[in-house]
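To keep things clear, I will list the structure first and then write my remarks on it.
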Amino acid sequence: MNIQEILLQIEQEVHSDTSRGKAADYIPALAEIDLNKFGMAVHTIDGQEYKVGQADEFFSIQSIAKVFSLSMAMQQFDEKVWDRVGKEPSGTRFNSLVQLEFEEGIPRNPFMNAGAIVITDMITKNPEPMKKDLLSFVRNLTGNPNVSYDFEVAQSEKESGYRNVALANFLKSYNNLNNEPEEVLDVYYHQSAIQMSCADLSRAFIFLANKGFSPYCEQEVLSLRQSKRMNSLLLTSGLYDAAGDFAYRVGLPGKSGVGGGIAAVIPGQLAVSVWSPGLNESGNSKIGLKALELFTTYTGISVF
Ligand code: GLU
(Lines give C-alpha, C1' and ligand atoms only; values in the text may rest on other atoms or scores of the structure.)
Protein backbone atom coordinates (compact mmCIF):
# COMPACT_ATOMS: atom_id res chain seq x y z
CA MET A 1 0.00 0.00 0.00
CA ASN A 2 1.36 3.41 -0.96
CA ILE A 3 0.12 5.90 1.62
CA GLN A 4 1.46 8.94 -0.27
CA GLU A 5 -0.50 7.96 -3.38
CA ILE A 6 -3.63 7.43 -1.31
CA LEU A 7 -3.28 10.91 0.23
CA LEU A 8 -2.83 12.46 -3.22
CA GLN A 9 -5.90 10.65 -4.47
CA ILE A 10 -7.93 11.91 -1.49
CA GLU A 11 -6.68 15.47 -2.00
CA GLN A 12 -7.80 15.33 -5.61
CA GLU A 13 -11.23 13.96 -4.72
CA VAL A 14 -12.00 16.53 -2.04
CA HIS A 15 -10.60 19.43 -4.07
CA SER A 16 -13.62 19.57 -6.38
CA ASP A 17 -16.15 19.34 -3.53
CA THR A 18 -17.92 22.68 -3.39
CA SER A 19 -19.99 21.99 -0.30
CA ARG A 20 -17.32 22.79 2.26
CA GLY A 21 -19.39 23.70 5.36
CA LYS A 22 -19.14 26.85 7.43
CA ALA A 23 -16.31 28.34 9.54
CA ALA A 24 -16.74 28.50 13.32
CA ASP A 25 -18.05 32.05 13.33
CA TYR A 26 -19.05 32.00 17.00
CA ILE A 27 -15.35 32.73 17.62
CA PRO A 28 -14.80 35.92 15.55
CA ALA A 29 -11.06 35.25 15.11
CA LEU A 30 -11.86 31.96 13.34
CA ALA A 31 -14.64 33.30 11.12
CA GLU A 32 -12.49 34.72 8.31
CA ILE A 33 -10.52 31.59 7.41
CA ASP A 34 -10.28 30.48 3.77
CA LEU A 35 -12.59 27.46 3.42
CA ASN A 36 -10.49 26.03 0.57
CA LYS A 37 -7.60 25.18 2.88
CA PHE A 38 -6.91 21.46 3.09
CA GLY A 39 -4.06 19.51 4.64
CA MET A 40 -3.58 15.90 5.65
CA ALA A 41 -0.65 14.10 7.31
CA VAL A 42 0.10 10.54 8.41
CA HIS A 43 2.78 9.50 10.91
CA THR A 44 3.47 5.78 11.31
CA ILE A 45 4.80 4.05 14.43
CA ASP A 46 8.02 3.28 12.55
CA GLY A 47 8.58 6.99 11.91
CA GLN A 48 7.42 7.43 8.29
CA GLU A 49 5.66 10.66 7.48
CA TYR A 50 3.34 11.40 4.54
CA LYS A 51 1.72 14.75 3.76
CA VAL A 52 -0.48 16.54 1.20
CA GLY A 53 -1.86 20.05 0.77
CA GLN A 54 -1.31 22.54 3.59
CA ALA A 55 -0.16 19.84 6.01
CA ASP A 56 2.54 22.13 7.40
CA GLU A 57 0.35 25.18 7.91
CA PHE A 58 -0.63 26.10 11.47
CA PHE A 59 -4.32 26.14 12.39
CA SER A 60 -6.27 26.42 15.63
CA ILE A 61 -6.60 22.90 17.03
CA GLN A 62 -9.39 23.92 19.43
CA SER A 63 -10.99 20.89 21.11
CA ILE A 64 -8.33 18.49 19.88
CA ALA A 65 -6.21 19.97 22.69
CA LYS A 66 -8.61 18.31 25.16
CA VAL A 67 -6.73 15.07 24.46
CA PHE A 68 -3.50 16.66 25.67
CA SER A 69 -4.93 18.10 28.89
CA LEU A 70 -6.71 14.81 29.61
CA SER A 71 -3.40 12.96 29.08
CA MET A 72 -1.76 15.26 31.64
CA ALA A 73 -4.63 14.64 34.07
CA MET A 74 -4.38 10.85 33.58
CA GLN A 75 -0.63 11.03 34.22
CA GLN A 76 -1.25 12.81 37.51
CA PHE A 77 -4.51 11.32 38.77
CA ASP A 78 -5.02 8.09 36.85
CA GLU A 79 -8.42 6.57 37.76
CA LYS A 80 -9.26 9.42 40.15
CA VAL A 81 -10.02 11.55 37.08
CA TRP A 82 -13.33 9.70 36.86
CA ASP A 83 -14.49 10.84 40.30
CA ARG A 84 -15.21 14.23 38.73
CA VAL A 85 -16.02 13.46 35.06
CA GLY A 86 -18.05 10.70 33.39
CA LYS A 87 -17.16 8.39 30.50
CA GLU A 88 -20.44 8.25 28.58
CA PRO A 89 -21.25 9.77 25.18
CA SER A 90 -23.35 12.87 25.64
CA GLY A 91 -25.66 12.98 22.65
CA THR A 92 -25.87 16.74 23.20
CA ARG A 93 -23.88 19.60 21.70
CA PHE A 94 -20.31 20.18 22.85
CA ASN A 95 -21.19 23.29 24.81
CA SER A 96 -24.48 22.03 26.22
CA LEU A 97 -25.57 23.09 29.71
CA VAL A 98 -28.69 20.98 29.92
CA GLN A 99 -27.25 17.67 31.16
CA LEU A 100 -25.12 19.26 33.81
CA GLU A 101 -28.02 20.07 36.10
CA PHE A 102 -29.63 16.63 35.80
CA GLU A 103 -26.32 15.01 36.56
CA GLU A 104 -25.42 17.31 39.44
CA GLY A 105 -22.34 18.94 38.07
CA ILE A 106 -20.57 15.79 36.82
CA PRO A 107 -20.03 16.30 33.06
CA ARG A 108 -20.80 13.31 30.85
CA ASN A 109 -17.32 13.01 29.37
CA PRO A 110 -13.97 14.84 29.25
CA PHE A 111 -14.38 15.99 25.63
CA MET A 112 -17.46 18.14 25.93
CA ASN A 113 -16.67 21.64 27.16
CA ALA A 114 -17.96 21.09 30.70
CA GLY A 115 -15.79 17.96 31.07
CA ALA A 116 -12.74 19.65 29.61
CA ILE A 117 -13.17 22.60 31.97
CA VAL A 118 -13.14 20.18 34.93
CA ILE A 119 -10.05 18.41 33.53
CA THR A 120 -8.34 21.80 33.09
CA ASP A 121 -9.21 22.66 36.68
CA MET A 122 -7.72 19.35 37.89
CA ILE A 123 -4.32 20.06 36.39
CA THR A 124 -4.26 23.78 37.24
CA LYS A 125 -2.75 25.02 40.51
CA ASN A 126 -1.81 28.38 39.11
CA PRO A 127 -2.89 29.52 35.62
CA GLU A 128 0.39 31.08 34.41
CA PRO A 129 2.71 28.08 35.11
CA MET A 130 -0.03 25.76 33.86
CA LYS A 131 -0.13 27.50 30.47
CA LYS A 132 3.65 27.06 30.22
CA ASP A 133 3.49 23.38 31.25
CA LEU A 134 0.75 22.59 28.76
CA LEU A 135 2.66 24.22 25.93
CA SER A 136 5.89 22.35 26.82
CA PHE A 137 3.95 19.08 26.98
CA VAL A 138 2.57 19.66 23.49
CA ARG A 139 5.84 20.94 22.03
CA ASN A 140 7.57 17.84 23.35
CA LEU A 141 5.00 15.51 21.73
CA THR A 142 5.15 17.31 18.37
CA GLY A 143 8.92 17.88 18.48
CA ASN A 144 8.15 21.38 17.21
CA PRO A 145 9.29 24.30 19.43
CA ASN A 146 7.24 26.70 17.27
CA VAL A 147 3.90 25.24 18.36
CA SER A 148 2.29 28.13 20.21
CA TYR A 149 -0.79 29.83 21.56
CA ASP A 150 -2.63 32.09 19.14
CA PHE A 151 -3.30 34.95 21.56
CA GLU A 152 -5.76 36.61 19.21
CA VAL A 153 -7.91 33.44 19.18
CA ALA A 154 -7.58 33.04 22.99
CA GLN A 155 -8.76 36.65 23.43
CA SER A 156 -11.60 36.15 20.95
CA GLU A 157 -12.70 33.02 22.86
CA LYS A 158 -12.68 35.01 26.07
CA GLU A 159 -14.74 37.83 24.61
CA SER A 160 -17.34 35.48 23.15
CA GLY A 161 -17.20 32.71 25.79
CA TYR A 162 -20.55 33.35 27.48
CA ARG A 163 -21.50 29.68 27.48
CA ASN A 164 -18.18 28.58 28.87
CA VAL A 165 -18.52 31.17 31.64
CA ALA A 166 -21.97 29.74 32.39
CA LEU A 167 -20.59 26.16 32.43
CA ALA A 168 -17.68 27.06 34.71
CA ASN A 169 -19.92 28.88 37.17
CA PHE A 170 -22.40 26.03 37.14
CA LEU A 171 -19.60 23.54 37.85
CA LYS A 172 -18.34 25.74 40.67
CA SER A 173 -21.83 25.80 42.20
CA TYR A 174 -21.68 21.99 42.33
CA ASN A 175 -18.22 22.12 43.96
CA ASN A 176 -16.66 20.54 40.90
CA LEU A 177 -14.08 23.31 40.38
CA ASN A 178 -11.23 24.02 42.78
CA ASN A 179 -10.01 27.20 41.11
CA GLU A 180 -12.04 30.30 40.43
CA PRO A 181 -14.02 30.03 37.15
CA GLU A 182 -12.08 32.85 35.46
CA GLU A 183 -8.71 31.24 36.30
CA VAL A 184 -9.73 27.88 34.83
CA LEU A 185 -11.23 29.56 31.78
CA ASP A 186 -8.02 31.52 31.18
CA VAL A 187 -6.14 28.20 30.83
CA TYR A 188 -9.02 26.61 28.90
CA TYR A 189 -9.17 29.42 26.31
CA HIS A 190 -5.42 29.21 25.76
CA GLN A 191 -5.61 25.43 25.46
CA SER A 192 -8.25 25.80 22.74
CA ALA A 193 -6.10 28.41 20.98
CA ILE A 194 -3.07 26.14 20.51
CA GLN A 195 -1.93 26.26 16.90
CA MET A 196 0.03 23.59 15.05
CA SER A 197 0.00 21.80 11.69
CA CYS A 198 -1.47 18.44 10.61
CA ALA A 199 2.06 17.04 10.55
CA ASP A 200 2.60 18.18 14.18
CA LEU A 201 -0.75 16.72 15.19
CA SER A 202 -0.03 13.29 13.73
CA ARG A 203 3.34 13.15 15.52
CA ALA A 204 1.66 14.27 18.75
CA PHE A 205 -1.00 11.53 18.50
CA ILE A 206 1.36 8.70 17.64
CA PHE A 207 1.60 7.50 21.27
CA LEU A 208 -2.08 6.52 21.07
CA ALA A 209 -1.30 4.25 18.12
CA ASN A 210 1.60 2.69 20.01
CA LYS A 211 0.25 1.57 23.41
CA GLY A 212 0.96 4.90 25.09
CA PHE A 213 4.64 5.12 24.09
CA SER A 214 5.72 7.79 21.60
CA PRO A 215 8.47 6.38 19.40
CA TYR A 216 8.88 9.93 18.11
CA CYS A 217 9.83 11.60 21.40
CA GLU A 218 10.86 8.26 22.95
CA GLN A 219 8.66 8.61 26.01
CA GLU A 220 5.83 6.73 27.68
CA VAL A 221 3.09 9.35 27.62
CA LEU A 222 0.39 7.05 29.02
CA SER A 223 0.50 3.46 30.23
CA LEU A 224 -0.84 0.73 27.97
CA ARG A 225 -4.03 0.59 30.03
CA GLN A 226 -4.50 4.38 30.00
CA SER A 227 -3.90 4.63 26.28
CA LYS A 228 -6.43 1.86 25.62
CA ARG A 229 -8.94 3.84 27.69
CA MET A 230 -8.19 7.12 25.95
CA ASN A 231 -8.82 5.46 22.58
CA SER A 232 -12.11 4.00 23.80
CA LEU A 233 -13.23 7.44 24.98
CA LEU A 234 -12.20 8.99 21.68
CA LEU A 235 -14.24 6.42 19.79
CA THR A 236 -17.37 6.97 21.90
CA SER A 237 -17.11 10.73 22.53
CA GLY A 238 -14.38 12.32 20.39
CA LEU A 239 -16.61 13.79 17.67
CA TYR A 240 -19.15 15.75 19.71
CA ASP A 241 -22.67 14.40 19.29
CA ALA A 242 -21.72 12.79 15.97
CA ALA A 243 -19.34 10.17 17.39
CA GLY A 244 -21.68 7.43 16.13
CA ASP A 245 -21.61 8.79 12.59
CA PHE A 246 -17.80 9.00 12.69
CA ALA A 247 -17.52 5.43 14.03
CA TYR A 248 -19.87 4.32 11.25
CA ARG A 249 -18.17 6.16 8.41
CA VAL A 250 -14.52 6.15 9.50
CA GLY A 251 -14.26 3.52 12.24
CA LEU A 252 -11.37 5.02 14.21
CA PRO A 253 -10.81 6.68 17.60
CA GLY A 254 -10.49 10.39 16.84
CA LYS A 255 -10.90 13.94 18.08
CA SER A 256 -12.19 16.95 16.21
CA GLY A 257 -12.07 20.68 16.90
CA VAL A 258 -14.07 23.63 15.63
CA GLY A 259 -10.93 24.94 13.89
CA GLY A 260 -11.65 22.19 11.32
CA GLY A 261 -9.01 19.70 12.42
CA ILE A 262 -9.54 15.99 13.12
CA ALA A 263 -6.84 13.66 14.47
CA ALA A 264 -7.40 9.89 14.49
CA VAL A 265 -5.38 6.77 15.21
CA ILE A 266 -5.15 3.26 13.88
CA PRO A 267 -3.79 1.38 16.90
CA GLY A 268 -0.62 -0.54 16.09
CA GLN A 269 -0.05 1.43 12.90
CA LEU A 270 -0.38 5.16 12.52
CA ALA A 271 -1.87 8.53 13.40
CA VAL A 272 -3.63 10.56 10.71
CA SER A 273 -4.67 14.21 10.83
CA VAL A 274 -6.69 16.34 8.50
CA TRP A 275 -7.61 20.03 8.38
CA SER A 276 -10.33 21.75 6.40
CA PRO A 277 -11.97 24.68 8.23
CA GLY A 278 -15.59 24.34 6.98
CA LEU A 279 -17.80 22.61 9.57
CA ASN A 280 -21.02 20.60 9.32
CA GLU A 281 -24.01 21.07 11.69
CA SER A 282 -22.30 19.01 14.42
CA GLY A 283 -19.21 21.24 14.41
CA ASN A 284 -16.99 18.66 12.67
CA SER A 285 -14.92 19.40 9.57
CA LYS A 286 -17.07 18.47 6.57
CA ILE A 287 -14.25 17.75 4.14
CA GLY A 288 -12.11 16.34 6.97
CA LEU A 289 -14.71 13.66 7.64
CA LYS A 290 -14.91 12.80 3.97
CA ALA A 291 -11.11 12.60 3.70
CA LEU A 292 -10.85 10.24 6.67
CA GLU A 293 -13.68 8.10 5.35
CA LEU A 294 -11.80 7.80 2.05
CA PHE A 295 -8.57 7.07 3.95
CA THR A 296 -9.95 4.03 5.77
CA THR A 297 -11.73 2.94 2.59
CA TYR A 298 -8.65 3.15 0.33
CA THR A 299 -6.17 1.75 2.87
CA GLY A 300 -8.65 -0.95 3.92
CA ILE A 301 -7.51 -0.53 7.53
CA SER A 302 -9.66 0.34 10.51
CA VAL A 303 -10.06 -0.95 14.05
CA PHE A 304 -12.99 -3.14 13.02
N1 GLU B 1 -12.87 26.91 22.32
C2 GLU B 1 -13.95 26.15 21.98
C3 GLU B 1 -15.08 26.38 22.93
O4 GLU B 1 -14.97 26.12 24.10
C5 GLU B 1 -13.61 24.71 21.83
C6 GLU B 1 -14.61 24.23 20.91
C7 GLU B 1 -14.28 22.99 20.17
O8 GLU B 1 -13.35 22.89 19.36
O9 GLU B 1 -15.07 22.08 20.42
O10 GLU B 1 -16.10 26.87 22.51
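Full extension of the segment from residue 25 to residue 92, taken as 0.36 nm per residue of separation minus the current Cα-Cα distance, would add 22.1 nm. Taking amide H positions as modeled 1.01 Å from N, with prolines and chain starts lacking one, the residues under 5 Å from residue 238 and 5 or more places away or on another chain are 254. Using a cut-off of 26 Å between Cα atoms, the listed pairs 80/131; 158/228; 158/255; 131/290 include 158/228; 131/290 as exceeding that distance. Placing pseudo-labels 7 Å out from each Cα toward the beta carbon at residue 175 and residue 34 gives an inter-label distance of 5.4 nm. Helix content alone sets the calculated 222 nm mean residue ellipticity of the chain: runs of n ≥ 4 DSSP H residues at -39500 (n - 2.57) each, divided across all residues, give -14000 deg cm²/dmol. From the Cα gyration tensor of the stretch 17-142, with a ≥ b ≥ c the square roots of its eigenvalues, which class applies: rounded if a/c is under 1.5, or else prolate if a/b is larger than b/c, or else oblate? Oblate is the answer for the stretch 17-142, as a/c is 1.5 or above yet b/c matches or exceeds a/b. Using the Kirkwood radius over Cα pairs, work out the Stokes-Einstein diffusion coefficient for the chain at 4 °C and 1.567 mPa s, in µm²/s as a whole number. This corresponds to a translational diffusion coefficient of 69 µm²/s.
Probing with 1.4 Å while keeping every protein chain in the model, the per residue accessible area of the stretch 146-190 equals 51 Å². Of the solvent-accessible surface of the stretch 1-131, computed with a 1.4 Å probe and all protein chains present, 49% belongs to carbon and sulfur. Each part gets one Cα centre, and for the stretch 202-216 versus the stretch 17-93 those centres are 15 Å apart.
With θ taken as phi - 60° and the Karplus curve 6.51 cos²θ - 1.76 cosθ + 1.60 applied, the whole-hertz 3J(HN,Hα) list for the stretch 104-117 is 6, x, 9, x, 4, 7, x, 9, 7, 4, 4, x, 5, 5 Hz, x standing for glycine and proline. Candidate cross-link partners of residue 125 among the aspartates and glutamates, defined by an alpha-carbon separation under 19 Å and a same-chain spacing of 8 or more, comprise 78, 83, 133, 180, 182, 183, 186. Legend: calculated FRET efficiency, residue 155 to residue 48, from the Cβ-Cβ distance at R0 = 51 Å, rounded to 0.05, equals 0.85. Taking every alpha-carbon pair within the stretch 172-304, the share separated by more than 19 Å comes to 54 percent.
A viscosity of 1.002 mPa s and a temperature of 20 °C, combined with the Kirkwood radius over Cα pairs in Stokes-Einstein, give a translational diffusion coefficient for the stretch 244-304 of 189 µm²/s. Couplings for the stretch 219-229, taken from phi via the Karplus curve 6.51 cos²θ - 1.76 cosθ + 1.60 with θ = phi - 60°, read 9, 7, 7, 10, 6, 4, 5, 5, 6, 4, 5 Hz in order; Gly and Pro are left as x. Couplings 3J(HN,Hα) for the stretch 158-165, derived from phi with the Karplus relation 6.51 cos²θ - 1.76 cosθ + 1.60 (θ = phi - 60°), are 5, 5, 10, x, 4, 5, 5, 4 Hz, where x marks Gly and Pro.
The values are calculated or read from the model by the stated rules, or taken from the named source; none is laboratory data. Just so you know, these numbers come straight off a predicted model, no measurement behind them. Positions of Cβ are backbone-derived with ideal geometry, glycine not excepted, and every protein chain shown enters the neighbour counts. Keep in mind that these areas ignore ligands, DNA and RNA; they rest on the heavy atoms of the full protein, side chains included. Shrake-Rupley method; radii C 1.70, N 1.55, O 1.52, S 1.80 Å.
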